[in-house]
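Below is one structure; the comments refer to it alone.
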Amino acid sequence: MFAFGDAGFFGSTVRPHLNAPMVAVVSTPSGDGYWLVGARGAVVARGEARHHGSPAHIALRAPIVDAAPTLTGRGYWLVGADGGVFAHGDATFLGSAADLELNAPVVGIAATSTGGGYWLVGADGAVFAYGDATFAGSAAHLDLNGPILAATPTSTDEGYWLVGADGAVLAFGGAAFLGSVAHLALDAPIVGIVPG
């Protein structure tokens, strides 16, 4: 774990015997803590973040790939590659894609600004909306040059951006396209996107 600028460092999980790799780090709403999430469902809380449970004790059908915090910071959702959603703390379970026949694994989850919904995104650009999250389109019908790896909503929840490993950015709904790095020769794949 590395912290830069005014980001606080609250600890990491550097240990010689982790059971699975860490796949996500999720900040608390205040930025004064974070959760580190492992592929087998382990959740490690640092700073002001508190542990609210995890699926680490059950046999998962697929590895955990991402997480999203609730508005209060007193809960979080974890999502597996099979579309399974695990709600902990004050996070409410609103549905999952685990019972669907997916064309590609789920790679990310993003919560709405109200905390009353979330989107799941697949590597093929498919988008699944639950709760008060609004479906604004997907890239599942496109011939992508690289897999989608992450998504982030607009501040108004009227749209979202998807980002691919090749640096392509796809804007849907009220999200404005502001550019991408898909035209550059990248030394490594893009792995995430955050709103400004």
Next on the checklist: Give me the base-10 log of I(q)/I(0) for the chain at each q in 0.11, 0.16, 0.17 Å⁻¹, Debye formula, one uniform scatterer per Cα, rounded to two decimals.
Outcome noted: -0.48, -1.05, -1.19
Checklist entry - What ranking do Thr72, Thr134 get, fewest neighbouring Cβ atoms within 10 angstrom at the top? => result Thr72, Thr134
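Note down the magnitude of the dipole of the chain about its Cα centre, charges +1 on Lys and Arg C-beta and -1 on Asp and Glu C-beta and zero elsewhere, to the nearest 20 debye.
Numbers: 6 positive and 15 negative charges, 128 e Å.
Computed about the Cα centre, the dipole is about 620 debye.
Once the other residues with Cβ under 13 Å from the Cβ of Ala98 are scored (Lys, Arg +1; Asp, Glu -1), what is the net sum?
Working: positive: Arg61; negative: Asp82, Asp99, Glu101.
Every neighbour counted, the sum reads -2.
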Checklist entry - How far apart, in nm, are the 7 Å Cα→Cβ label points at Thr134 and Val194? => result 2.7 nm
Item to check | Estimated vicinal HN-Hα couplings, Hz - region 80-86 in sequence order (Karplus 6.51, -1.76, 1.60; Gly, Pro = x) | outcome: x, 4, 8, x, x, 10, 10
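Which FRET efficiency value, to the nearest 0.05, do you get for Ser155 and Phe93 by plugging their Cβ-Cβ distance into 1/(1 + (r/R0)^6) with R0 = 25 Å?
Numbers: r = 25 Å, r/R0 = 0.98.
FRET efficiency, Ser155 to Phe93: 0.55.
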Checklist outcome for this item: Amide H proximity to Thr28 below 5 Å, modelled H, separation 5+ or other chain, gives Gly33, Tyr34, Trp35
Item to check | Spacing of the two label points (7 Å from each Cα toward its C-beta) at Ala182 and Glu48, in nm | outcome: 3.9 nm
Item to check | Karplus 3J(HN,Hα) series, Hz, for region 165-182 with 6.51 cos²θ - 1.76 cosθ + 1.60 (x for Gly, Pro) | outcome: 4, 7, x, 5, 10, 10, 10, 10, x, x, 7, 8, 6, 10, x, 8, 10, 5
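Here, each number is a calculation from the coordinates, and none is a lab measurement. The shown structure was predicted, so the numbers you read here are calculated from the model rather than taken from an experiment. All Cβ positions, glycine included, derive from the backbone under ideal geometry; neighbour counts span all protein chains shown.
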